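Working notes for the structure below.
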Amino acid sequence: MLEAKFYLQQQLHQENAQPFDHYQMQNEQAQAEKQVSELEQRLRQASSRTPYKKLRSHGITNMLGWGILMIIGAILARYFKQWDPIWFYSHTLVQSLGFVLGVAGVICGLVLENKFDADVSTHKGLGIFILVLGCLQVMAFLARPNKESKVRKYWNWYHHNMGRILIIFAIANIFYGIHLGEKGKGWNAGYGITIAILFLIAIVLEIRMWMRK
């Protein structure tokens, strides 16, 4: 900022310029100082907005990744197995996208950790726990036994229940994160309605599945 101010002031004293009278010089100097002050103010405003943009990105990526796509992937796996192998590839694609977005959201949260005064230790701990569960699910997928294997039923039990635990903790941590970020009723209502719709869809599909049996 000092260099910018010095540069603007030096423009008043170029060698080939005509001499200024005292009042004209004061006017030019005041204009230069005003320009520097406005530039400093714009830079401060941009700097203050940056953490909140990252906070918004952190919330949206985690909400989409852990809190929405993971649920959709679980619904595909449970209720659409009659469309094999389409359900499997759809489930894998949706869960993979959710995992990538979730990892990006956790990384963004770690970057933001020291930029706000709120105590985020619990939120951070839950986020890391959810990330670990997600990594374990990826490892379980890579180590998936054949359908004919004797241990397949134990793998299914593990994979299904770990996924349920992940989703429950993710939903809770998202609402807690909205509370910490002081985003208010708008974000709570928006995400709550989304979860309610997905839950209602799951109930309808569950009833249909039991009726077919």
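The values are calculated or read from the model by the stated rules, or taken from the named source; none is laboratory data. The structure presented is a predicted model; accordingly, all values stated were derived computationally and were not measured. Quick reminder, even Gly has a Cβ in these numbers, built from the backbone with ideal geometry, and neighbours come from all protein chains shown.
The single condition among (1) at pLDDT 90 or above; (2) within 13 Å of N62 (Cα to Cα) that G125 does not meet is (2).
If you go through the stretch 148-158 one residue at a time, do you hit one that is assigned to a helix (DSSP H, G or I), charged (D, E, K, R) and surrounded by fewer than 13 Cβ atoms within 10 Å (Cβ to Cβ)? Yes - at least one qualifying residue is present in the stretch 148-158. Comparison of G192, G181 shows that the only residue that is closer than 23 Å to G127 by Cβ and either surrounded by fewer than 11 Cβ atoms within 10 Å (Cβ to Cβ) or in contact (Cβ under 8 Å) with a residue 40 or more places away in the chain (or both) is G181. State whether the residues of the stretch 99-107 include one that is within 14 Å of the chain's Cα centre (by Cα), without any contact (Cβ under 8 Å) to a residue 60 or more places away in the chain and loosely packed, with under 15 Cβ neighbours inside 10 Å. There is at least one residue in the stretch 99-107 that is within 14 Å of the chain's Cα centre (by Cα), without any contact (Cβ under 8 Å) to a residue 60 or more places away in the chain and loosely packed, with under 15 Cβ neighbours inside 10 Å.
Yes/no matrix, rows are residues, columns are (1) under 16 Å from G67 (Cα atoms); (2) modelled with pLDDT of 95 or more:
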{"residue": "Q95", "(1), (2)": "yes, yes"}
{"residue": "V106", "(1), (2)": "yes, no"}
{"residue": "I167", "(1), (2)": "yes, yes"}
{"residue": "G181", "(1), (2)": "no, no"}
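Condition (residue is in contact with a helix residue (DSSP H, G or I) (Cβ under 8 Å, 6 or more places away or on another chain), farther than 14 Å from G59 by Cβ, touching a residue at least 60 places away in the same chain (Cβ under 8 Å) and among the β-branched types (V, I, T)) applied to the stretch 160-169: is it met by at least one residue? Checked against the condition, which is being in contact with a helix residue (DSSP H, G or I) (Cβ under 8 Å, 6 or more places away or on another chain), farther than 14 Å from G59 by Cβ, touching a residue at least 60 places away in the same chain (Cβ under 8 Å) and among the β-branched types (V, I, T), the stretch 160-169 yields at least one hit.
With the condition kept exactly as written, say whether any residue in the stretch 31-50 is surrounded by 15 or more Cβ atoms within 10 Å (Cβ to Cβ), touching a Gly at 6+ places or on another chain (Cβ under 7 Å) and either modelled with pLDDT of 95 or more or assigned to a helix (DSSP H, G or I) (or both).
Within the stretch 31-50, the first condition is being surrounded by 15 or more Cβ atoms within 10 Å (Cβ to Cβ), and the residues that meet it are 32, 36.
With touching a Gly at 6+ places or on another chain (Cβ under 7 Å) added as a condition, the list becomes none.
No, there is no match, as no residue in the stretch 31-50 is surrounded by 15 or more Cβ atoms within 10 Å (Cβ to Cβ), touching a Gly at 6+ places or on another chain (Cβ under 7 Å) and either modelled with pLDDT of 95 or more or assigned to a helix (DSSP H, G or I) (or both).
Restricting the first member to the stretch 109-127 and to residues that are of a type in the set (S, T, N, Q) and part of a helix (DSSP H, G or I), and the second to residues that are surrounded by 11 or more Cβ atoms within 10 Å (Cβ to Cβ) and modelled with pLDDT of 80 or more, the beta-carbon pairs closer than 8 Å and six or more apart or on different chains are T122/Y176.
Inspect the stretch 131-143 for any residue being touching an Asp or Glu at 6+ places or on another chain (Cβ under 8 Å), modelled with pLDDT under 95 and either β-branched (V, I, T) or assigned to a loop (DSSP other than H, G, I, E, B) (or both) and give the result as yes or no. No, every residue in the stretch 131-143 fails to be touching an Asp or Glu at 6+ places or on another chain (Cβ under 8 Å), modelled with pLDDT under 95 and either β-branched (V, I, T) or assigned to a loop (DSSP other than H, G, I, E, B) (or both).
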